[in-house]
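Just below is one structure, and these are the notes that go with it.
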Amino acid sequence: MRDLSDLKLQNILLDVDQDGIASVTLNRPSKRNALDLATIDELVDIFSTLPRAGVRAAILRANGDHFSAGLDLVEHHREERSASDFMHVCLRWHEAFNKMEYGGVPIIAVLKGAVVGGGLELASAAHIRVAAPDTYFGLPEGQRGLFTGGGATIRVADLIGKARMIDMMLSGRLYRGQEAVDVGLCQYLIEDPEAKAMEIAQAAARNPPLSNFAICSAISHMQNMSALDAAYAEAVVAGVVNTQDAARERLAAFATGTANKIKPK
């Protein structure tokens with residue numbers, strides 16, 4: 001098993017605090033954190049390793065003014081890739097984002113500035129998205145003569161619906177502010193998204209890891225199943241998770257009246 005210290009990272013910064021919360025920071029600010037193939041490879045390495053390294057939650061953020069402007073178009077132009085070459089690039093993107101969505105570690109994305117194209121595909125692979133007021137979301141592939149290749153047809157369409165996604169790609173429409181929250185591109189819009197993301201990560205980190213694993217992997221798997229298969233899978237997962245020792249301890253606290261009450265602050 002690889003250790004986090006063994007990872008060779010150039011485009012992403014990685015840190016884990018004393019609570020087991022990882023900060024994964026895109027670090028190509030001069031390129032608006034455009035995603036070249038080396039960065040995608042680093043995402044694969046990081047999110048393959050975090051679930052087995054005792055990390056309890058992860059914050060995905062970026063240095064500079066923008067979260068990510070998407071596919072590194074300069075690299076793509078320079079490489080003059082064949083159709084086969086680019087297909088394999090896309091499959092690597094899918095590998096990275098699947099590691100995120102299905103890895104079982106809660107990922108909270110801190111969004112600002114541009115979250116466009118592949119940057120939106122990356123953000124949509126996180127479990128929770130917290131946006132700053134200056135954040136704008138777009139899928140400009142149509143205007144570039146391109147098509148999404150990193151999972152937007154799966155995740156972005158799932159978030160906002162097919163019709164809105166087609167509109168974004170055809171017309172270049174951008175979403176921002178409360179409208180972005182309303183259509184489902186982010187769950188929070190707040191002046192200090194870094195602080196909010198940490199608050200959410202700390203809350204998630206206090207949950208039993210097995211519960212988080214189920215929440216951050218099983219739900220996505222069940223969405224890919226028929227209703228009958230999903231019902232069966234849900235029952236199996238509940239059988240495992242709801243009888244874990246950590247659940248028994250928390251249920252005992254509830255039964256004796258010592259557990260925290262679920263109520264508005």
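Some notes on this structure:
- Meets criteria (over 30 Å from ASN63 (Cβ atoms), basic (Lys, Arg) and assigned by TED's automatic domain parsing to the domain that holds PHE86) for LYS162: yes
- Candidates ARG144, ARG164, ARG173, ARG129: the one that is of a type in the set (Lys, Arg) and within 16 Å of the chain's Cα centre (by Cα) is ARG129.
- Every residue from the stretch 124-157 that is assigned to a helix (DSSP H, G or I), without any contact (Cβ under 8 Å) to a residue 40 or more places away in the chain and surrounded by fewer than 21 Cβ atoms within 10 Å (Cβ to Cβ): GLY142, GLN143, ALA157
- Exactly one residue out of ASP167, ASP245, ASP229 is assigned by TED's automatic domain parsing to the domain that holds HIS127, acidic (Asp, Glu) and either loosely packed, with under 14 Cβ neighbours inside 10 Å or within 24 Å of PHE97 (Cα to Cα) (or both), and it is ASP167.
For (1) closer than 17 Å to ALA126 by Cβ; (2) out of contact with any Lys or Arg (no Cβ under 9 Å at 6 or more places or on another chain), each residue gets a yes or a no:
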residue: ILE200; (1), (2): yes, yes
residue: ALA203; (1), (2): yes, yes
residue: ASN212; (1), (2): yes, no
residue: SER220; (1), (2): yes, yes
residue: MET225; (1), (2): no, yes
residue: ALA233; (1), (2): no, yes
residue: ALA246; (1), (2): no, yes
residue: ARG250; (1), (2): no, yes
residue: PHE254; (1), (2): no, yes
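So that you can scan it fast, the table gives a plain yes or no per residue for (1) assigned to a helix (DSSP H, G or I); (2) under 21 Å from ILE108 (Cβ atoms):
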position	(1), (2)
MET169	yes, no
ALA203	yes, yes
PHE213	yes, yes
ALA231	yes, no
VAL240	yes, no
LYS265	no, yes
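- Residue in the stretch 183-213 that is surrounded by the most Cβ atoms within 10 Å (Cβ to Cβ), counting only those that are within 26 Å of GLY161 (Cα to Cα) and free of Cβ contacts under 8 Å to residues at least 40 places away in the same chain: GLY184
- Complete set of residues in the stretch 89-107 that are under 14 Å from ASP45 (Cα atoms) and buried (at least 20 other Cβ atoms within 10 Å of the Cβ): TRP93, ALA96, PHE97, LYS99, MET100, GLY103
- ILE160 touching a residue at least 60 places away in the same chain (Cβ under 8 Å), at negative phi and surrounded by 18 or more Cβ atoms within 10 Å (Cβ to Cβ): no
- Remark: ALA195 matches the filter, which requires a residue to be assigned to a helix (DSSP H, G or I) and either under 30 Å from VAL24 (Cα atoms) or not charged (D, E, K, R) (or both).
- The selection criterion, being surrounded by 21 or more Cβ atoms within 10 Å (Cβ to Cβ) and of a type in the set (A, V, I, L, M, F, W, C), does not hold for ALA83.
- Subset of the stretch 52-101 [part of a helix (DSSP H, G or I) and touching a residue at least 60 places away in the same chain (Cβ under 8 Å)]: LEU73, PHE86, VAL89, CYS90, GLU101
The values are calculated or read from the model by the stated rules, or taken from the named source; none is laboratory data. None of these values were measured; they are calculated from a predicted model. Using ideal geometry, Cβ is built from the backbone for each residue, glycine included, and neighbour counts are taken over all protein chains shown.
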